[in-house]
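Asker: Got a structure for you, questions after.
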Amino acid sequence: MNAFLHIAGVDEAGRGPLAGPVACAAVILHPRKRIKGLADSKKLSPARRDELFPIIQHKAIAWHVVFIHVGEIDRLNILQATMEGMRQAIHGLAIAAQHALIDGNCIPAGLPCSADAVIGGDDLEPAIMAASILAKVSRDRHMQVLDAAHPGYGFATHKGYSTSEHLIALERLGPCAQHRRSFEPVRRLLEVAPA
């Protein structure tokens with residue numbers, strides 16, 4: 001591949017939580033506009049992710065973030081919902097990707113370009129690192145909005161993951177509209193809820 005091929009890095013954030021969407025991002029980095037400090041979003045502090053977010057948006061040739069919401073996650077299952085989000089993120093790029101590097105071991109169907117799955121890609125490929133940061137920051141900010149709409153669960157703090165705080169709130173309040181019905185323990189709580 002030559003240096004000017006438009007290669008999109010693709011990653012997700014939020015496959016594991018009990019609540020909220022999964023966010024998928026695709027980023028085509030500019031080969032001559034290097035971004036210092038890129039890394040897997042999970043290895044960066046929230047403050048550093050927030051600093052890099054607008055830099056990536058400004059310096060990238062193209063980027064696109066997609067949310068796949070709870071209803072689709074429950075309808076498709078989380079793996080297929082993630083694949084659909086990645087497909088949409090690549091299709092949504094303002095400049096078409098000629099090749100995609102997908103974090104993980106699966107390649108979504110229906111892509112407009114060739115692709116490789118890269119296990120551990122968010123530690124190896126700068127474009128995937130950039131995508132992981134855009135996906136993570138976008139999702140975290142969305143969970144803060146959901147926290148205001150659904151008070152008491154602590155979404156702004158734990159971002160929907162199954163922390164002890166979240167599980168206690170879930171037992172006390174029951175599931176809200178943002179909880180994934182197909183995930184345990186949400187499914188169990190719905191099964192035992194009074195009609």
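The values are calculated or read from the model by the stated rules, or taken from the named source; none is laboratory data. Computed from a predicted structure; not experimentally measured. Cβ atoms come from the backbone with ideal geometry, glycine included; neighbour counts cover every protein chain shown. Surface areas here come from the heavy atoms of the whole protein model, side chains and all, with no ligands, DNA or RNA. Shrake-Rupley method; radii C 1.70, N 1.55, O 1.52, S 1.80 Å.
Asker: Within the chain, which whole H helices from DSSP have a Cα span along their axis of at least 15 Å and a mean Kyte-Doolittle hydropathy of 0.0 or more, if any?
Answerer: Helices passing the filter in the chain: 78-91, 126-149.
Asker: Can you list the residues of the stretch 53-82 with backbone N under 15 Å from a point 7 Å past the Cα of L190, pointing along Cα to Cβ?
Answerer: The answer is 69-78, whose backbone nitrogens lie closer than 15 Å to the label point.
Asker: Of K43, K136, K59, which has the most accessible area with a 1.4 Å probe, and how do the rest follow in descending order?
Answerer: Solvent-accessible surface, decreasing: K43, K59, K136.
Asker: Okay, next question. Specify the inter-centroid distance of the stretch 1-45 and the stretch 110-133, based on alpha-carbon positions, in whole Å.
Answerer: Measuring centre to centre over Cα atoms gives 7 Å.
Asker: Keeping every protein chain in place, order M143, M129 by accessible area at 1.4 Å, biggest value first, i.e. largest first.
Answerer: Accessible-area ranking of M143, M129, largest first: M129, M143.
Asker: Still on this model: Could you please report the charge total around E191, scoring K, R as +1 and D, E as -1 over all other residues with beta-carbon less than 15 angstrom from its beta-carbon?
Answerer: It works out to a net charge of +1.
Asker: Which entry in (i) 11.1; (ii) 14.8; (iii) 12.4 is this structure's computed mean projected area of the Cα convex hull in nm²?
Answerer: The value matching this structure is (i).
Asker: Could you grab the relative contact order for the stretch 75-195? Cα pairs under 8 Å, six or more apart, rounded to a whole percent.
Answerer: 13 percent
Asker: For n ≥ 4 DSSP H runs only, could you compute -39500 (n - 2.57) per run for the chain, divide by its residues and tell me the 222 nm figure to the nearest 500?
Answerer: Counting only the DSSP helices, I get -12500 deg cm²/dmol.
Asker: Just name one of G37, W63, H6: the one whose Cα is farthest towards the positive end of the charge dipole of the stretch 1-69 (beta-carbon charges, Lys/Arg +1, Asp/Glu -1).
Answerer: G37
Asker: Using a probe radius of 1.4 Å on heavy atoms only, what accessible surface per residue do you get for the stretch 77-142? Whole Å² is fine.
Answerer: For the stretch 77-142, the solvent-accessible area averages 39 Å² per residue.
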